[in-house]
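Visitor: One structure follows; several queries about it will come next.
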Amino acid sequence: MADMSPSVIQTGDLWIVRHGETEWSRSGRHTSRTDLPLTQAGEQAATALADRLAATRFDLILTSPMQRARRTAELAGFGDAEVDKDLMEWDYGEYEGLTTPQIREYAPGWTVWSQASPGGESAAEVAVRLDRVVARTRAVEGRVLAFGHGHASRALAARWLGLDVAEGRLLRLDPATISVLGWEHESPAVARWNA
């Protein structure tokens, strides 16, 4: 995997917003390529993000192409966010729509972080596309806002920190939350998480 460590002191940061609640996120079903709308509660939570983000100036605003992320961006006041396919959720393949307990009936001990999903993406494949997001963000002299998903956003944070994708397992991320990745001098750091 690419070394994402910076060679100079950085000033820009990456703000990550996980999309609002969907029926499947509420019930714990793995959702990657299934394009679900937000629930009413998800729309309300996304709308509440607008006040929290309004005072911050962003130099680049990105969103996953999935409607749950795009709608969250729109309700948060960023309807003109640029679609970036690299922000899509981890592809769960044959495990799409299943809960972890259901998957473990076939694959004991399974987690997306430790075992491949048949027909889905590997951790290495996820790392490649999220490394592109990190590189794109670091090329911006300023603040980037990205609307995305649960597992992919956690993996993105791991890659920002120069860690293996699997280390994203340590970062809980709830729907309609704001997280900020920044710098401690020349070292990538978590400035705020799951807020």
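Visitor: Determine which member of the set Asp174, Asp164 is surrounded by fewer than 18 Cβ atoms within 10 Å (Cβ to Cβ), out of contact with any His (no Cβ under 6 Å at 6 or more places or on another chain) and within 30 Å of Glu74 (Cβ to Cβ).
Guide: Asp174
Visitor: Oh, and also: Out of Asp164, Asp174, I need the residue that is among the acidic types (Asp, Glu), touching a helix residue (DSSP H, G or I) at 6+ places or on another chain (Cβ under 8 Å) and in contact (Cβ under 8 Å) with a residue 40 or more places away in the chain. Which one?
Guide: It is Asp164.
Visitor: In segment 21-47, what count of residues is obtained for those that are under 20 Å from Leu75 (Cα atoms), assigned to a loop (DSSP other than H, G, I, E, B) and not charged (D, E, K, R)?
Guide: Qualifying residue count for the region: 5.
Visitor: Inside segment 68-95, can you point out the residues that are assigned to a helix (DSSP H, G or I) and more than 21 Å from His30 (Cβ to Cβ)?
Guide: Once the filter is applied, which keeps residues that are assigned to a helix (DSSP H, G or I) and more than 21 Å from His30 (Cβ to Cβ), segment 68-95 yields Ala73, Glu74, Leu75.
Visitor: Glu105 fails exactly one of the following numbered conditions: (1) in contact with a Gly (Cβ under 9 Å, 6 or more places away or on another chain); (2) loosely packed, with under 15 Cβ neighbours inside 10 Å; (3) at pLDDT 95 or above. What is the number of that condition?
Guide: (1)
Visitor: Same structure, new question: Identify the residue in segment 15-42 that is surrounded by fewer than 15 Cβ atoms within 10 Å (Cβ to Cβ) and not hydroxyl-bearing (Ser, Thr, Tyr) and, among all such residues, is nearest to the chain's Cα centre (by Cα).
Guide: Among those residues, the one meeting the criterion is Arg33.
Visitor: Further, regarding this structure: Regarding Leu14, is this residue under 20 Å from His151 (Cβ atoms), in a loop (DSSP other than H, G, I, E, B) and of a type outside the set (D, E, K, R)?
Guide: No, not satisfied.
Visitor: So if I check each of Arg169, Arg68, which one is surrounded by fewer than 19 Cβ atoms within 10 Å (Cβ to Cβ), within 14 Å of the chain's Cα centre (by Cα), modelled with pLDDT of 95 or more and not hydroxyl-bearing (Ser, Thr, Tyr)?
Guide: Selected residue: Arg169, the only one of Arg169, Arg68 that is surrounded by fewer than 19 Cβ atoms within 10 Å (Cβ to Cβ), within 14 Å of the chain's Cα centre (by Cα), modelled with pLDDT of 95 or more and not hydroxyl-bearing (Ser, Thr, Tyr).
Visitor: Continuing with the same structure: Considering segment 124-164 alone, what residues qualify as being over 13 Å from the mean Cα position of the chain (by Cα), among the hydrophobic types (A, V, I, L, M, F, W, C) and over 13 Å from Leu181 (Cα atoms)?
Guide: Ala124, Val128, Ala135, Ala139, Val140, Leu163
Visitor: Being part of a loop (DSSP other than H, G, I, E, B), under 23 Å from Trp160 (Cβ atoms) and of a type in the set (Ser, Thr, Tyr), is that true of even one residue in segment 58-67?
Guide: yes
Visitor: Here is a further query. Which residue pairs have Cβ atoms under 6 Å apart, sit 6 or more places apart or on different chains, and have a first residue in segment 118-138 that is under 16 Å from Trp15 (Cα atoms) and a second that is surrounded by fewer than 16 Cβ atoms within 10 Å (Cβ to Cβ)?
Guide: Asp131/Ala2
The values are calculated or read from the model by the stated rules, or taken from the named source; none is laboratory data. Just so you know, these numbers come straight off a predicted model, no measurement behind them. Please note: Cβ atoms are built from the backbone with ideal geometry, for glycine as well, and neighbour counts cover all protein chains shown.
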